[in-house]
1. Collect the residues in segment 193-207 that are exposed (fewer than 14 other Cβ atoms within 10 Å of the Cβ) and either in contact with a Ser or Thr (Cβ under 9 Å, 6 or more places away or on another chain) or under 15 Å from K115 (Cα atoms) (or both), keeping them in residue-number order.
2. Under 6 Å between Cβ atoms, which residue pairs at least 6 apart in sequence (or on different chains) link something in segment 112-133 that is over 16 Å from A46 (Cα atoms) with a partner that is acidic (D, E) and part of a helix (DSSP H, G or I)?
3. S81 - would you say it is of a type outside the set (D, E, K, R) and either part of a helix (DSSP H, G or I) or under 15 Å from A44 (Cα atoms) (or both)?
4. Give me a count of the residues in segment 170-191 that are of a type in the set (S, T, Y) and touching a residue at least 12 places away in the same chain (Cβ under 8 Å).
Amino acid sequence: MEDFAKKVRIEESTDMEEETGRCESSSSVVHLLRKFLAIQQRRAEAYSKLKSGFSDYMVSGGELAYQQLCGEITVEFNDCSKQVLEMEALFKKPDYSRLDLAQLLRAVQDQEKQKLNLTATIQVLKKAGRPSERLVSHENCRFKKPMEHECVHVHEITEAAGTEEAEADAEYDNALNEAIRGVQDTVTAINEHLEEIRYEIAALESE
């Protein structure tokens with residue numbers, strides 16, 4: 001009888017330890033996922049700062065301030081990526097064995113990389129401007145008098161030249177619109193992944 005009671009206590013203790021282990025594991029997973037969501041918030045704030053800084057640059061032309069901002073944003077994004085990669089590696093380890101979550105974080109990371117590249121493309125295109133609206137530099141022109149010069153850019157307006165310019169503008173518009181659509185697509189994909197993560201957190205916390 002005593003052996004039976006002892007055995008029951010041991011089995012109960014084992015069950016309780018397993019349950020405690022599951023709770024601790026779930027708690028750790030939730031902690032990491034919440035940390036990941038916080039990193040995504042940092043990324044969103046960095047993008048907002050970059051967008052605002054680029055708008056200021058387009059108005060003021062302050063190249064130095066814009067380049068400094070780009071440097072700060074790059075450091076921020078690199079730090080975010082480093083932390084996400086560390087979380088991805090943790091989820092793959094036996095202590096967690098959550099390959100599904102590792103793959104989810106990887107999917108977000110890939111989309112974020114694509115979004116950043118497309119954002120850079122948009123800013124480069126906007127800085128350059130449409131071909132027909134770009135300012136002309138007169139540094140290679142010959143000046144006869146202080147206010148008069150022979151402009152090397154003056155040319156006869158022909159139908160061919162007009163068509164060429166229109167084609168250049170159309171190519172520019174297509175490239176810009178494609179990049180904008182690309183950013184919108186990546187944002188949609190990222191938000192869908194983040195929703196999956198929130199569902200996972202809710203499911204773990206309800207256990």
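1. E205, E207
2. Qualifying pairs under 6 Å: R130/D169; P131/D169; S132/E165; S132/D169.
3. So S81 fits the description; yes.
4. Within segment 170-191, the first condition is being of a type in the set (S, T, Y), and the residues that meet it are 172, 186, 188.
From the residues that got through so far, the ones that are touching a residue at least 12 places away in the same chain (Cβ under 8 Å) too are 172, 186.
Looking only at that region, the number is 2.
Since every read-out is calculated from the coordinates, none of them should be taken as a lab result. As the structure is a computational prediction, the values presented were derived from the model and not from experiment. Counting neighbours? That spans all protein chains shown, and the Cβs are built from the backbone with ideal geometry, glycine included.
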